[in-house]
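The values are calculated or read from the model by the stated rules, or taken from the named source; none is laboratory data. This one's a predicted model, so the numbers in the text were calculated from it and none came from an experiment. Virtual Cβ from ideal backbone geometry, glycine too; neighbours counted across all protein chains shown.
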């Protein structure tokens, strides 16, 4: 199983690069594929694990999310820049 | 004729209003005298009438028209600087009140009313301006449903064009923080009322489109009078919203009143709070749907396990004679146990609260098909993938046997194919 472990590690990394929306979409795809029930066992296992990881990631992100605040400020010359604001 | 008097008048800088009949006046003096009398006696008048022969002079921007009623008419001039203060469009047939002063245009001897301000008769100036702009933009197609863009389901960056003072921005921040804090709020502070407010709002929308990668923009302010909300009824704001490639939600004060911005915006929210409610999903609903998806996964895995257990049943049946009874019992008990636990966990999911999900996931992971391997099962991989049937591999071929903690290399030395309930030994190595 060492081969699939390497791939799983790859998946773990990939899921962090996904946006929340992308992660949710991928999770939906996985559920559809698994529900269709015609993928080989080995692939099902991988999908199951990827799905679990995605679901966990989505829930963690939601539960640990902290609102980020930025303020637009005008620079001399008419350009604008963003500066961080504290959430009160 | 008194020459002396005549000289006096000619030399006077400020001609007198009372003139003796014997005097001979130059035309210019006549007009100056009359003008002086008029201006002194009518410093400011308010006249009601109907506009006709309306002309806006290009490029000066001065307005010229005739104000008339059933019995008389008078020429009216309005200089550009005064005309700029009139918020609605003037046109022939419109009934108006003109406040101004009367005077004489000397080169032509015309008696004229110099308008300082104009109000419509029968309705407020702002209401009329609103109605006029609304009709104009509607005719141009700025309110067209076809042009409206859908809002993103999960925005990551939300632009907010509003004042840093006031309740609007605080409401937006607190609601988004509560509903779906997985976003970045980019606040673009602007004046929301008074001179230059409309221009600042429009510029903010243009700039957010130009440089920021926000997924959606909220433009608004808290409630106020029609005058307070006026910036959101200005054409420059309407056009900026229309031209925005980023979807715009209008969020202006009052529930009841619509602004022009509301008509142009892709989505209209009745208040800034309402905009915050609809720009992001509710995180509890999203968590719930993630849970549903998890249930989907576990259900299909449960189904898969069930199928596997049926196969296992078949196998144990066939080998019943060769296997000790206790092993058969153990295996069917394991399958039962697994199925029971899967069901229990699924139930748990449906009832459980999301805080508990993390621990549930680890339980479920333990039940994954991979975990089956941990309990003494193996799968066989040949050169063409996983071997699900003896037909897929020949005697003499190499195969990998995957166990939970590693892989065994092996060679097939014999093969027994089941034929109608009996095992047929095909070849012995």
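Looking at (1) crowded, with 16+ Cβ neighbours inside 10 Å; (2) at pLDDT 90 or above; (3) more than 7 Å from chain B (Cβ to nearest Cβ), which is the only condition residue A:33 fails?
(2)
Of everything in region B:181-198, what is part of a loop (DSSP other than H, G, I, E, B), in contact with a helix residue (DSSP H, G or I) (Cβ under 7 Å, 6 or more places away or on another chain) and within 20 Å of residue A:84 (Cβ to Cβ)? Give them in sequence order.
Within region B:181-198, B:182, B:183, B:190 meet the criteria.
Looking at residue B:215, is it touching a residue at least 24 places away in the same chain (Cβ under 8 Å) and more than 25 Å from residue A:81 (Cα to Cα)?
Judged against the criteria, residue B:215 is not a match.
Looking at residue B:380, is it farther than 30 Å from residue B:292 by Cα, modelled with pLDDT of 80 or more and either in a loop (DSSP other than H, G, I, E, B) or within 54 Å of the chain's Cα centre (by Cα) (or both)?
It is false that residue B:380 is farther than 30 Å from residue B:292 by Cα, modelled with pLDDT of 80 or more and either in a loop (DSSP other than H, G, I, E, B) or within 54 Å of the chain's Cα centre (by Cα) (or both).
In region B:247-282, what residues are in contact with a helix residue (DSSP H, G or I) (Cβ under 6 Å, 6 or more places away or on another chain), crowded, with 18+ Cβ neighbours inside 10 Å and within 14 Å of another protein chain (Cβ to nearest Cβ)?
Residues satisfying the conditions are B:276, B:280.
Out of B:205, B:187, B:172, B:201, which single residue is in contact with a strand residue (DSSP E or B) (Cβ under 7 Å, 6 or more places away or on another chain), facing another protein chain (nearest Cβ under 9 Å) and at pLDDT 95 or above?
Of the residues listed, the single one that is in contact with a strand residue (DSSP E or B) (Cβ under 7 Å, 6 or more places away or on another chain), facing another protein chain (nearest Cβ under 9 Å) and at pLDDT 95 or above is B:187.
In the list A:81, A:35, A:50, which residue meets the criterion of being without any contact (Cβ under 8 Å) to a residue 12 or more places away in the chain and not in a strand (DSSP E or B)?
None of the other options fit; the residue is A:35.
Could you tell me which residue of region B:383-408 is farthest from the other protein chains (Cβ to nearest Cβ), considering only residues that are assigned to a strand (DSSP E or B), exposed (fewer than 15 other Cβ atoms within 10 Å of the Cβ) and touching a strand residue (DSSP E or B) at 6+ places or on another chain (Cβ under 7 Å)?
B:398
Checking the structure you have, find out if any residue of region B:156-168 is free of Cβ contacts under 8 Å to residues at least 40 places away in the same chain and not in a loop (DSSP other than H, G, I, E, B).
For region B:156-168, residues free of Cβ contacts under 8 Å to residues at least 40 places away in the same chain and not in a loop (DSSP other than H, G, I, E, B): absent.
Can you tell me how many residues in region B:92-128 are in a helix (DSSP H, G or I) and either exposed (fewer than 15 other Cβ atoms within 10 Å of the Cβ) or modelled with pLDDT of 90 or more (or both)?
Residues that pass the stated criteria total 1.
Give the residues of region A:45-73 that are over 26 Å from residue B:286 (Cβ atoms) and touching a helix residue (DSSP H, G or I) at 6+ places or on another chain (Cβ under 9 Å), sorted by residue number.
A:45, A:72
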